[in-house]
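The values are calculated or read from the model by the stated rules, or taken from the named source; none is laboratory data. No experiment lies behind these values; they were computed from the predicted model shown. Glycine also receives a Cβ, built like all others from the backbone with ideal geometry; neighbour counts cover every protein chain displayed.
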């Protein structure tokens with residue numbers, strides 16, 4: 001079903017990839033290309049409240065006012081030089097207000113992209129030369145942008161991506177990450193699934209991503225040659241609040257502190273992710 005156009009919309013859906021019933025990548029072409037931005041930054045996406053919700057839905061957590069735009073922030077998965085078409089990795093939230101409306105979108109439909117791309121969750125703010133990036137679900141979107149933009153042109157940096165999901169089908173962009181890890185000597189990709197009984201053919205790491213940080217980061221050191229030392233390794237967290245909480249609790253006794261503009265440190269946390277709906 002085509003979504004009615006609106007003067008509020010300024011971008012067109014040009015393509016989408018479905019990874020599972022609840023995970024998609026959307027390719028959005030803004031009417032006016034953006035200026036270059038930093039990989040890892042985010043922007044708002046919006047649809048009018050009149051757009052029908054679709055997919056498996058339940059009662060909305062926050063019912064939008066009639067005639068209002070439903071707006072949420074999303075990390076851009078594209079590299080910062082890809083300004084003509086922007087990519088977004090989106091998970092369907094059944095009780096949400098925006099993502100079930102996004103699920104109605106087909107190529108050719110219109111959407112709003114905010115004109116301000118912002119955020120400090122970027123490689124430019126790293127304090128060291130080794131970046132351990134920890135993402136669950138669509139939380140890997142900013143890391144996809146960072147790897148696409150920096151890994152091939154910054155051999156002085158090392159990128160380690162820990163990618164968690166319940167099963168392999170929910171490891172969005174898994175094939176691309178594997179290919180990049182094969183091609184780039186400074187990029188290590190370590191995926192893990194937490195429910196192997198749902199994916200008996202999986203041969204990789206099992207368990208939650210906290211497994212890499214236990215025992216002073218023994219597994220992380222063995223598989224990625226990364227040390228849990230804030231003077232040697234930056235850690236970036238984006239994904240489920242539980243993952244962020246648990247890994248932060250492991251890192252803080254090791255001397256890690258959250259990065260802020262006023263007090264830069266080696267632990268970077270993307271806070272807005274918890275409002276994905």
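Using the structure shown, decide if residue 213 is surrounded by 19 or more Cβ atoms within 10 Å (Cβ to Cβ) and within 19 Å of the chain's Cα centre (by Cα). Before you say what the answer is, go through the steps one by one.
Numbers: surrounded by 19 or more Cβ atoms within 10 Å (Cβ to Cβ): yes; within 19 Å of the chain's Cα centre (by Cα): no.
No: the conditions fail for residue 213.
If a residue has to be outside any loop (DSSP other than H, G, I, E, B) and out of contact with any helix residue (DSSP H, G or I) (no Cβ under 8 Å at 6 or more places or on another chain) to count, how many in the range 56-70 make the cut? Full working, then the answer.
The first filter runs over the range 56-70 and keeps only residues outside any loop (DSSP other than H, G, I, E, B), leaving 69-70.
Within this subset, residues satisfying the condition of being out of contact with any helix residue (DSSP H, G or I) (no Cβ under 8 Å at 6 or more places or on another chain) are 69.
Here the count works out to 1.
Residues in the range 190-210 that are assigned to a loop (DSSP other than H, G, I, E, B) and in contact with a strand residue (DSSP E or B) (Cβ under 7 Å, 6 or more places away or on another chain): how many? If you could, list the steps in order and put the result at the bottom.
Applying the first criterion (assigned to a loop (DSSP other than H, G, I, E, B)) to the range 190-210 yields 194-195, 199-204, 207-208.
Within this subset, residues satisfying the condition of being in contact with a strand residue (DSSP E or B) (Cβ under 7 Å, 6 or more places away or on another chain) are 194, 199, 202, 204, 207-208.
Summing the residues that are assigned to a loop (DSSP other than H, G, I, E, B) and in contact with a strand residue (DSSP E or B) (Cβ under 7 Å, 6 or more places away or on another chain) in the range 190-210 gives 6.
Would you pick out the residues in the range 169-189 that are closer than 21 Å to residue 20 by Cβ and assigned to a helix (DSSP H, G or I)?
Initial filter on the range 169-189 (closer than 21 Å to residue 20 by Cβ): 169-179, 189.
169, 170, 174, 175, 176, 177, 178, 179, listed by residue number.
Just one of (1) in contact (Cβ under 8 Å) with a residue 40 or more places away in the chain; (2) closer than 19 Å to residue 110 by Cβ; (3) in a strand (DSSP E or B) trips up residue 73, so point out which.
Every condition holds for residue 73 apart from (2).
Please determine, by comparing only the residues of the range 142-162 that are free of Cβ contacts under 8 Å to residues at least 40 places away in the same chain and in contact with a strand residue (DSSP E or B) (Cβ under 6 Å, 6 or more places away or on another chain), which one is farthest from residue 212 (Cα to Cα).
Looking at the filtered set, the residue picked out is 151.
Which residue out of 112, 87 is touching a residue at least 60 places away in the same chain (Cβ under 8 Å), surrounded by 20 or more Cβ atoms within 10 Å (Cβ to Cβ), over 20 Å from residue 227 (Cβ atoms) and within 19 Å of the chain's Cα centre (by Cα)? Steps first, please.
On the way: 112 fails: within 19 Å of the chain's Cα centre (by Cα).
The conditions single out 87.
Quick one: which of 253, 230 is assigned to a loop (DSSP other than H, G, I, E, B), modelled with pLDDT of 95 or more and either at positive phi or more than 19 Å from the chain's Cα centre (by Cα) (or both)?
Details: 253 fails: assigned to a loop (DSSP other than H, G, I, E, B).
That would be 230, the only listed residue that is assigned to a loop (DSSP other than H, G, I, E, B), modelled with pLDDT of 95 or more and either at positive phi or more than 19 Å from the chain's Cα centre (by Cα) (or both).
Just wondering, is there one or more residues in the range 155-168 that are over 16 Å from the mean Cα position of the chain (by Cα), assigned to a helix (DSSP H, G or I) and modelled with pLDDT under 90?
Checked against the condition, which is being over 16 Å from the mean Cα position of the chain (by Cα), assigned to a helix (DSSP H, G or I) and modelled with pLDDT under 90, the range 155-168 yields at least one hit.
Checking the structure you have, find out if any residue of the range 122-143 is under 29 Å from residue 71 (Cβ atoms) and assigned to a loop (DSSP other than H, G, I, E, B). Step through it out loud before you land on a result.
Taking the range 122-143 and keeping what is under 29 Å from residue 71 (Cβ atoms), we get 122-125, 133-143.
Those left that are additionally assigned to a loop (DSSP other than H, G, I, E, B): 122.
Yes.
When you look at residue 151, is it within 17 Å of residue 131 (Cα to Cα), in contact with a helix residue (DSSP H, G or I) (Cβ under 9 Å, 6 or more places away or on another chain) and modelled with pLDDT under 95, yes or no?
Details: within 17 Å of residue 131 (Cα to Cα): yes; in contact with a helix residue (DSSP H, G or I) (Cβ under 9 Å, 6 or more places away or on another chain): yes; modelled with pLDDT under 95: yes.
Considered against the rule, which asks whether it is within 17 Å of residue 131 (Cα to Cα), in contact with a helix residue (DSSP H, G or I) (Cβ under 9 Å, 6 or more places away or on another chain) and modelled with pLDDT under 95, residue 151 comes out as yes.
Taking the residues in the range 41-55 that are surrounded by 13 or more Cβ atoms within 10 Å (Cβ to Cβ) and in a loop (DSSP other than H, G, I, E, B) as candidates, determine which candidate is nearest to the chain's Cα centre (by Cα).
First, pick out the residues of the range 41-55 that are surrounded by 13 or more Cβ atoms within 10 Å (Cβ to Cβ): 41-51, 53-55.
Those left that are additionally in a loop (DSSP other than H, G, I, E, B): 41, 49-51, 53-55.
Working: 41: 10, 49: 25, 50: 27, 51: 25, 53: 23, 54: 22, 55: 21 Å.
Among them, the one singled out is 41.
Among the residues of the range 15-40, count how many are surrounded by 14 or more Cβ atoms within 10 Å (Cβ to Cβ) and touching a residue at least 60 places away in the same chain (Cβ under 8 Å).
Taking the range 15-40 first, the residues surrounded by 14 or more Cβ atoms within 10 Å (Cβ to Cβ) are 16, 19-20, 22-30, 34, 37-40.
Filter once more, keeping what is touching a residue at least 60 places away in the same chain (Cβ under 8 Å): 16, 19-20, 22-28, 30, 34, 37-40.
Selection size over the range 15-40: 16.
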